[in-house]
Structure formats: structure tokens, C-alpha cells
Amino acid sequence: MDFDDDAALDTSRVSDLRGRGGGGRGLAVGGGGIGLVGLVVALLLGVSPADLGVGGGTDSLGGDPYGDSGVVSTQDLRARCQSGADADRDETCRFVAVENSLQDHWSTVVRGFSPPSTQLFDQPVSTGCGTASSAIGPFYCPADQGIYLDPAFFDELTTRYGAQGGDFAQAYVLAHEYGHHVQHLTGADERAQQLGSQGEQSGSVRLELQADCYAGVWAANASRDGFLTFDDTDVVEGLSAAAAVGDDRIQERSAGRVDPESWTHGSAEQRQTWFRAGLAEGDPADCDTFAAPTV
């Protein structure tokens with residue numbers, strides 16, 4: 001994956017909270033990644049969160065890449081991430097670039113669009129949905145319209161989930177969470193609540209698969225706009241990430257059995273299918289998982 005070197009980056013909607021710590025009102029977080037619902041279901045099945053491989057913890061980044069303070073200020077981030085060339089060589093700037101591209105695309109699609117905030121963290125962080133730790137995985141909080149992501153998750157994605165990793169896999173995850181924001185603005189999240197929270201054809205699964213499809217829609221359009229370019233190898237990385245966090249893969253690895261009745265995010269095959277559906281034409285109309293008889 002390669003960004004237009006001359007593209008100007010806007011860091012105003014991205015915060016790097018790594019090294020700061022949190023506080024708050026107790027864990028009450030929903031959204032993408034594994035999510036709280038997935039953790040609750042896992043506990044009901046007798047599986048610990050640690051077995052799911054979502055507990056990056058505060059030490060998993062390895063050392064302090066941000067100097068003595070451990071904090072990247074808004075001013076530092078702005079100075080660090082100015083162009084697409086910066087995104088090509090710096091992981092933090094890559095998140096900024098992907099966020100910029102997502103905002104540019106969805107603001108032209110959703111009427112009255114307002115962008116979410118994106119916050120990178122590595123310690124418990126206070127959100128509008130409560131206090132979240134790295135164990136929850138990447139997630140979107142509708143209460144404060146914020147995306148929260150610990151970059152250490154991507155190490156977990158490869159070492160525990162078995163994904164290939166790579167820059168495009170990271171972009172897919174952020175695009176998936178951004179898809180949840182689009183769903184919140186369009187009311188799809190309320191529609192999902194009416195269809196149940198567990199099961200292969202549940203509202204929760206349909207919501208997650210639609211977010212996968214929206215990630216594909218963004219990727220197709222970002223490529224056409226020339227902001228970034230990617231090839232088949234990058235797409236394989238994205239598909240690998242989507243499959244690695246399929247409910248069936250996680251259940252098989254953690255519990256040794258697959259129980260579709262408890263699914264909240266969809267199978268590996270479903271997640272790949274809907275990502276491809278969005279990527280094929282770049283049309284969000286192809287992502288109506290709620291109208292499909294089965295997903």
C-alpha cells in the first residue's frame with residue numbers, strides 16, 4: 001500500500017494517547033473488533049478473554065517510542081505527519097492518512113456527515129461508553145462518536161489470530177470501525193438491535209458484516225481517487241485480517257468447537273465475502289446485509 005507522497009495530511013481528528021492512562025466509569029463498550037459482546041459470549045462459553053487473544057496490555061508495544069514523556073502532543077503529531085510520504089514511512093502517520101481518506105470518502109456519501117474522532121491508546125482509556133482497555137480490541141463508541149485503537153492489536157492479529165498482517169490489514173481494521181460510525185449516523189445500529197445480538201443471521205452479525213463491506217467500499221474509492229494505491233497482495237492481507245477474526249476461527253482456536261448460535265461478528269468466510277462485495281464496485285448499496293435473506 002502506497003500513499004500519494006504530495007497529499008497533505010490533517011491530524012485534527014486523530015489523537016495519540018499512548019503513554020497517558022485513563023480512568024472512567026467501568027467497562028461498557030460496544031463496537032467492532034472482538035467487542036464487549038464477544039467477550040461476554042466467550043465467558044458464557046467458559047472461555048477466558050486471554051484465550052481469545054485480545055489482551056495486548058500496556059507492555060505489548062515494547063519500549064517507549066515517544067521519548068521520555070511517552071506522549072505525542074497534538075502539535076508533535078501535526079509536525080510529524082504532514083504528507084503522504086510521512087504516511088508511507090511512519091505507522092502513526094499511516095493511521096492519520098487512512099482516517100483522512102475515510103473522512104473524505106464518507107463525507108461525500110452520507111448526507112450531513114460528521115466525522116468521528118480517532119484515538120490511539122495503549123493504557124485504559126476513558127470513553128463515552130466507559131473505561132476501555134486494550135483487551136477489548138479496536139472499537140467504536142457511539143456515545144462519543146469515537147474510534148479507539150491500540151496499535152498493539154496488530155501484533156495480536158498476527159501472533160495469536162494467525163493473520164498475515166501488513167499495512168493494508170491495519171487500514172482494513174480502521175475502515176471497519178469507521179463503518180460502524182457510518183452505521184450509527186444512518187441508523188443501521190438501531191436496526192440491528194431489533195434482530196438480536198447472537199446467531200449466524202443475527203442483527204449483530206449483519207451489522208459487523210456491513211462494516212466489513214463498507215471497508216471494502218472505502219478501499220475501492222480511495223484507490224480510484226489516487227490517494228493510495230494497493231495491489232492483490234495488499235487485498236490478501238485485508239482478507240486475511242477479516243478471516244482471522246471470524247467467530248468460527250476464534251471459537252475453534254479458543255474452545256475447540258464452533259457454535260454459530262453464539263456468533264456476534266460472522267464467520268471467516270462471511271467476513272471475506274462481504275469485504276469483497278464492497279471492494280468489487282465501491283458502492284455502499286451493495287452492502288445491505290439487512291436485506292439479504294441470509295448473510
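The values are calculated or read from the model by the stated rules, or taken from the named source; none is laboratory data. This is a predicted model, so every value here is computed, not measured. Glycine also receives a Cβ, built like all others from the backbone with ideal geometry; neighbour counts cover every protein chain displayed.
Table for the structure above
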read-out	value
Search result, residues across segment 107-120 that are out of contact with any Phe, Trp or Tyr (no Cβ under 6 Å at 6 or more places or on another chain) and crowded, with 16+ Cβ neighbours inside 10 Å	PRO115, PRO116, SER117, THR118, LEU120
Residue within segment 90-97 that is part of a loop (DSSP other than H, G, I, E, B) and basic (Lys, Arg) present	no
Looking only at segment 245-273, and only at residues there that are among the hydrophobic types (A, V, I, L, M, F, W, C) and modelled with pLDDT under 95, the one that is surrounded by the fewest Cβ atoms within 10 Å (Cβ to Cβ)	ALA255
Members of segment 180-206 found to be part of a helix (DSSP H, G or I) and closer than 18 Å to ILE136 by Cα, listed by number	HIS180, HIS181, SER204, VAL205
Index of the failed condition, GLU190 passing every other in (1) buried (at least 23 other Cβ atoms within 10 Å of the Cβ); (2) of a type in the set (Asp, Glu); (3) out of contact with any helix residue (DSSP H, G or I) (no Cβ under 6 Å at 6 or more places or on another chain)	(1)
Residue tally, condition outside any strand (DSSP E or B), without any contact (Cβ under 8 Å) to a residue 40 or more places away in the chain and within 15 Å of the chain's Cα centre (by Cα), over segment 120-157	2
Odd one out for VAL235, checked against (1) crowded, with 22+ Cβ neighbours inside 10 Å; (2) part of a helix (DSSP H, G or I); (3) in contact with a Phe, Trp or Tyr (Cβ under 9 Å, 6 or more places away or on another chain)	(1)
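Here's the yes/no breakdown for (1) crowded, with 16+ Cβ neighbours inside 10 Å; (2) in a helix (DSSP H, G or I); (3) at pLDDT 50 or above; (4) touching a helix residue (DSSP H, G or I) at 6+ places or on another chain (Cβ under 6 Å):
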site	(1), (2), (3), (4)
THR11	yes, no, yes, yes
VAL41	yes, yes, no, yes
VAL47	yes, no, no, yes
HIS105	yes, yes, yes, yes
